[in-house]
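Accompanying notes for the structure given below.
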Amino acid sequence: MDRFDLAIIGAGPAGMAAAREAADHGLRVVLLDEQARAGGQIYRDVDRVTGLRGDILGADYTDGARLTARLRAEGVRHIIGAVVWAIEEGFRLSYTREGRGAQLAADRVLLATGALERPMPLPGWTLPGVMTAGAGQILLKQSGLLARRAVLVGSGPLLYLIAAQMVRAGVPPLAMVETQTRADMARAMRHLGGAVRGWSYLAKGIGLLAEITRARVPRYRAATGIAIDGEGRAEAVRFTSRGRAQRIACDTVLLHHGVVPNTQAARSLGVTHRWRADQACFAPVLDTWGGADVPGVFIAGDGGGIGGAKAAEHAGRLAALRIAECAGRLTEADRDRRAVPLRSALSRELAARPFLDTAYPPVAEALSPADATIICRCEEVAAGTIRGHAKLGCLGPNQAKAFGRAGMGPCQGRYCGLTVTALLAEANGRSPDETGYYRIRPPLKPVTLGELAAMEDTAPDSAEQERAT
């Protein structure tokens, strides 16, 4: 079995930056990613797409080519299309690629698994024609496709970005149904100092809003009572905004109210997680270098707490410096000297985060859905069913599996986990930390018996890697 100094899972900004930094210090690095090309979700397919749709997607997206170019330099083995489904004792990684299983080992592991869009269970959200805003953006990035007659629903800066991109592409959304309120913005003002320090975020937001306004996209704010109507597919969005009932006929609904850390791999390793009230999600407990409380495990990027692409890049490099020092490739003094500008840049990137998190909170109706609303799409479990479990004495998500099947479908709780925790915590009068989360075990992703039967015990050879990269 091939062995590396460092295995990195995820080729987004954190993973790419960490791989390059670690390789530059002489570590033997392997980078595994599910996509066919480096970039992660934020820079998805950036090398190919920049020349096709870079003007629509914007400079923040095309900047990712800077990281992918450095990744192509020598020293990093990049395995594309690799679905990591187990990380076992001694950091033996099992993954599948092109229908075959394979394994490799590493002295240390860096998880750069990024974020997931926060689930937004509302009445009608399971209808065909309803998807996350991020999924809509993936269609634009990878295939140049845009939903026509679409309504954007929710809150957060990503909604403005996608709306502006749709405007640039000549297919503006029919409307934006936003849930943040004036009270949210008033509460955010106490963090204005940080927002001013992170002025670039404010400048970008103002620019995006200007594009949306010039295109005359209707915006409905402080929306409540949101539901998606339709017989067999999405046909309209119904809601109340500032005391007036509204109904907008449409073909597509794009939902978004923030992103949350993708913690599945970290939890499978036993990393401690704590509830973050500021971002309304669980995040791993890390030191200032991204080190977890499991020796040899590091986490960088949005998987360790939501901060954005640039923050993820800096965090990845910081983790790589610490790993290089642990491996004896850097002295402590040299590590700290190199870290100074990275910490300064990371601090600037995170300065605006408290303002944004407070100004654009998750949608309350989706955090505590009505009883009839499906919250586990895999197993079709409704919110009222989870509340019923609580009345029978169920205290946490793992115990809930004995009462029903929430969290036991193909997604393994990725999209219902936070909602199940929130519902049980609310029903039982307990905190999210007391309520807990699903216990995650391998396989982290579905794996077939055929893939296991075709298991190899080594990573692809270097020639294959050069072609893959």
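The values are calculated or read from the model by the stated rules, or taken from the named source; none is laboratory data. These figures come from a predicted structure and were not determined experimentally. Using ideal geometry, Cβ is built from the backbone for each residue, glycine included, and neighbour counts are taken over all protein chains shown.
Can you pull out the residues in region 216-238 that are over 25 Å from ASP278 (Cβ atoms), among the small types (Gly, Ala, Ser) and either surrounded by 16 or more Cβ atoms within 10 Å (Cβ to Cβ) or touching a Lys or Arg at 6+ places or on another chain (Cβ under 9 Å) (or both)? So that I can check it myself, show each step before the final result.
Taking region 216-238 as the starting set, the residues that turn out to be over 25 Å from ASP278 (Cβ atoms) are 216-220, 225, 227-238.
Retained after the next criterion (residues that are among the small types (Gly, Ala, Ser)): 225, 227, 230, 232, 234, 236.
Once the filter is applied, which keeps residues that are over 25 Å from ASP278 (Cβ atoms), among the small types (Gly, Ala, Ser) and either surrounded by 16 or more Cβ atoms within 10 Å (Cβ to Cβ) or touching a Lys or Arg at 6+ places or on another chain (Cβ under 9 Å) (or both), region 216-238 yields GLY225, ALA227, GLY230, ALA234, ALA236.
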Item to check | Failed condition for LYS401, given (1) at pLDDT 95 or above; (2) part of a helix (DSSP H, G or I); (3) buried (at least 18 other Cβ atoms within 10 Å of the Cβ) | outcome: (1)
Item to check | Any pair with Cβ under 9 angstrom, 6 or more apart, that starts in region 431-452 at a residue that is surrounded by 12 or more Cβ atoms within 10 Å (Cβ to Cβ) and ends at one that is assigned to a loop (DSSP other than H, G, I, E, B) and acidic (Asp, Glu) | outcome: LYS445/GLU34
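Take region 294-323 and flag every residue that is over 30 Å from PHE355 (Cβ atoms) and either part of a loop (DSSP other than H, G, I, E, B) or out of contact with any Lys or Arg (no Cβ under 7 Å at 6 or more places or on another chain) (or both).
Step one: list which residues in region 294-323 are over 30 Å from PHE355 (Cβ atoms), which gives 294-297, 323.
Passing the criteria: VAL294, PRO295, GLY296, VAL297.
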Checklist outcome for this item: Across (1) under 21 Å from PHE4 (Cβ atoms); (2) touching a residue at least 24 places away in the same chain (Cβ under 8 Å); (3) of a type outside the set (Gly, Ala, Ser), GLU98 clears everything bar (2)
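Quick check on region 335-376: of everything there that is touching a strand residue (DSSP E or B) at 6+ places or on another chain (Cβ under 8 Å) and hydrophobic (A, V, I, L, M, F, W, C), which residue is nearest to ALA320 (Cα to Cα)?
Here is the first cut: in region 335-376, the residues touching a strand residue (DSSP E or B) at 6+ places or on another chain (Cβ under 8 Å) are 363, 365, 369, 371-375.
In the following step, the residues that additionally are hydrophobic (A, V, I, L, M, F, W, C) were identified as 363, 372, 374-375.
On the way: VAL363: 36, ALA372: 47, ILE374: 42, ILE375: 38 Å.
By that ranking, first place goes to VAL363.
Identify all residues within region 160-188 that are over 15 Å from ALA215 (Cα atoms), of a type in the set (A, V, I, L, M) and in contact (Cβ under 8 Å) with a residue 40 or more places away in the chain; write none if there are none. Full working, then the answer.
Start the filter on region 160-188 by keeping residues that are over 15 Å from ALA215 (Cα atoms), which leaves 177-188.
This time we only want the ones that are of a type in the set (A, V, I, L, M), so: 177, 183, 185-186, 188.
Within region 160-188, VAL177, MET185, ALA188 meet the criteria.
Which of the helices (runs of 4 or more DSSP H) contained wholly in region 152-221 include at least 3 residues that are at pLDDT 95 or above?
On the way: elements: 157-168, 182-188, 192-197, 199-214.
The qualifying helices (runs of 4 or more DSSP H) are 157-168, 182-188, 199-214.
Here is a check on your reading of the model: is ILE138 under 19 Å from GLY15 (Cβ atoms) and touching a strand residue (DSSP E or B) at 6+ places or on another chain (Cβ under 6 Å)? Full working, then the answer.
Numbers: under 19 Å from GLY15 (Cβ atoms): yes; touching a strand residue (DSSP E or B) at 6+ places or on another chain (Cβ under 6 Å): no.
Here the answer is no, as ILE138 does not meet what is asked.
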Checklist outcome for this item: Listed by first then second residue, the pairs whose first member lies in region 44-63 and is free of Cβ contacts under 8 Å to residues at least 40 places away in the same chain, whose partner is of a type in the set (Lys, Arg) and assigned to a loop (DSSP other than H, G, I, E, B), with beta carbons under 7 Å and at least 6 positions apart or on separate chains, are ASP47/ARG37; ARG48/ARG37
Checklist entry - Is one or more of the residues making up region 279-289 among the acidic types (Asp, Glu) and within 30 Å of GLU21 (Cβ to Cβ)? => result yes
Checklist entry - Can you tell me which of SER241, SER268 is in the same structural domain as SER155 (by TED's automatic domain parsing) and either in contact with a strand residue (DSSP E or B) (Cβ under 6 Å, 6 or more places away or on another chain) or crowded, with 17+ Cβ neighbours inside 10 Å (or both)? => result SER241
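Here are THR458, THR448, THR358: which of them is at pLDDT 95 or above, of a type in the set (S, T, N, Q) and outside the structural domain of TRP125 (by TED's automatic domain parsing)?
Details: THR458 fails: at pLDDT 95 or above; THR448 fails: at pLDDT 95 or above.
Exactly one of THR458, THR448, THR358 is at pLDDT 95 or above, of a type in the set (S, T, N, Q) and outside the structural domain of TRP125 (by TED's automatic domain parsing), namely THR358.
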Item to check | Residues located in region 324-354, provided they are under 23 Å from VAL29 (Cα atoms), touching a His at 6+ places or on another chain (Cβ under 7 Å), in contact (Cβ under 8 Å) with a residue 60 or more places away in the chain and assigned to a helix (DSSP H, G or I) | outcome: ALA324
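When you check ARG44 against the structure, is it surrounded by fewer than 24 Cβ atoms within 10 Å (Cβ to Cβ), out of contact with any Gly (no Cβ under 9 Å at 6 or more places or on another chain) and under 30 Å from MET166 (Cα atoms), yes or no?
Answer is no for this residue.
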Checklist entry - With (1) surrounded by 21 or more Cβ atoms within 10 Å (Cβ to Cβ); (2) touching a Gly at 6+ places or on another chain (Cβ under 6 Å) as the list, and ASN262 as the residue in question, which single condition is left unmet? => result (1)
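Every residue, every condition in (1) at pLDDT 95 or above; (2) farther than 19 Å from GLY296 by Cα; (3) among the hydrophobic types (A, V, I, L, M, F, W, C); (4) not assigned by TED's automatic domain parsing to the domain that holds ALA324, yes or no:
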residue: ILE8; (1), (2), (3), (4): yes, no, yes, no
residue: PRO13; (1), (2), (3), (4): yes, yes, no, no
residue: ALA18; (1), (2), (3), (4): yes, no, yes, no
residue: HIS25; (1), (2), (3), (4): yes, no, no, no
residue: VAL30; (1), (2), (3), (4): yes, no, yes, no
residue: GLY58; (1), (2), (3), (4): yes, yes, no, no
residue: TYR61; (1), (2), (3), (4): yes, yes, no, no
residue: GLY64; (1), (2), (3), (4): yes, yes, no, no
residue: THR68; (1), (2), (3), (4): yes, yes, no, no
